[in-house]
Structure formats: structure tokens, C-alpha cells
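Data block below; observations after.
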Amino acid sequence: MKQDYFSANNIKYIDYKDVEILKKFINPNGKIVSHKRTGVTSKNQRALTSAIKHARFLGLLPFIVK
Amino acid sequence: MQDAENKVNNDSLVETSDAVSKIYEFGYLLVPTIKEEDLSVNYGNIKELVSSFGGEIIADDMPKAINLAYTISKVVSNVRSKFNKAYFGWIKFTMDSQKVLELKKHLDLDPNFIRFLILKTVKENTIATKRFVRGETYKRPKAKSKENEVAVPINEKEIDKEIDAMVAI
């Protein structure tokens, strides 16, 4: 993913409930994919990180996958 | 002197912005022991609770049964209970920032919630875009597979002819 996913799809607010989108940005172990690999802008990467963490808190995404 | 005046102006701005209501989103997990029939009652109670604190509801979603990504444990009156399933719902509303704290204190005492999250958010619908994206991504592989299906019988005939030619030789 070289281009910013969120600006390409015209997503202005990254929602923690959009689990399908957030799943693209976690690796098979459940870790958040780094900014270097995602190609998302710094601002969106920060928003993405907090969205994933909120989703984890409410049990929508895993903290770790064994 | 000008600085002092600016400070006074800023202070007054802060005071006014405190009174202005902000947009919040309240996401929650309900205990799975609630029956499906009673779910709408709980859902109505949550809505009433939010509006009783002066909240104006913008958007919301019925609680739906989901499988949790991991086991959540909660201790209620010295009893530890573990949950693998829950009802997940959310509600978006405008409310004064100080009332939200009162709402949170009230929700902390409610035994029906496993967990909840109150976030600042934007007024626009944030989920509509997701469905649009999904539709796009699903259409493409279907169109490709149809093309392949059409191409396959033509190839078979050509192959048959080629095999016949090979046998004749």
C-alpha cells in the first residue's frame, strides 16, 4: 500500500466500529502494522492506532492472536 | 496591556466553550445473560438515560450479539465472571461536557454493562463510507470470475480440436 488508504477511499474519520477496515492494518499476530508498511499519512496513522486500540478495548479486535 | 486583554478574552472563550454541548459517542457491551426479548427494553432504557442527562440523540444502533475477540472478565461484588459473547451497541449524541462526566459515573454503577467507551466524535455518519468501499471490493472479483467462466468452454473446444489434430497425425 503505497498510497494513503483513507484519503484514496475518502474516509475523513476513522471509526473504531469499522472492524473490516481496521483488520487490514493488523498483522496475523494482531499487532498494528507500522507506519512504514501501511503508507498511511502520519495524521491518519495516529487516528488509526487509537481506533484499533478502542476496538480492542471493546473486544471487537484481538490484542494478540496465538 | 494588550496581552492582558487577550487573556481575558481567551478566558471568556473557554468559559463559553464549556457550556456549548459537544458530540459524543457511547459504545457499550451488554451482559450476554440478557434475553433477546428483553434487549429492546435495555436499549430503550439506555436511550432514556442519555436523554435524561440532556443529551440529544443523533444516531444509534440496536445492540447485536457478537463473539468477543478475547475473553473479558469482570468482577461484580467479589464474583469474577468471564464473557466470550456480548451485545454490542452504540449511540451518538450531543451533551454538555460536564454532564457527560455525571453520565459516566452513573454508568459505572450499572451491572448490565461489561464495558463501555465514551468518545468525542464528529456529527457526520462514519459508517456509510465503509459500506460503499465494501461494495466496490466485492464487485471486482465477481466480474473477473464471470469472464473466466465464459473463456473456459472456448478453450476446451480449441483444445479438443488440437488433440484431434494430434491423434490424426
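The values are calculated or read from the model by the stated rules, or taken from the named source; none is laboratory data. Remember, predicted model here, so these are calculated numbers, not experimental data. FYI the Cβ positions are ideal-geometry reconstructions off the backbone, even for glycines, and counts take in every protein chain you see.
Within the stretch B:52-78, the set of residues being crowded, with 16+ Cβ neighbours inside 10 Å and within 14 Å of chain A (Cβ to nearest Cβ) comprises B:I58, B:D60, B:P63, B:I66, B:L68, B:A69, B:I72. Here are the criteria: (1) assigned to a strand (DSSP E or B); (2) of a type outside the set (D, E, K, R); (3) more than 13 Å from every other protein chain (Cβ to nearest Cβ). Tell me which single one B:L49 does not satisfy. All conditions pass for B:L49, except number (1).
The one condition from (1) within 21 Å of A:L60 (Cα to Cα); (2) assigned to a helix (DSSP H, G or I) that B:P63 does not meet is (2). Here the stretch B:86-100 is the region considered, the condition is being at pLDDT 90 or above and out of contact with any helix residue (DSSP H, G or I) (no Cβ under 8 Å at 6 or more places or on another chain), and the residue that is farthest from the other protein chains (Cβ to nearest Cβ) is B:T94.
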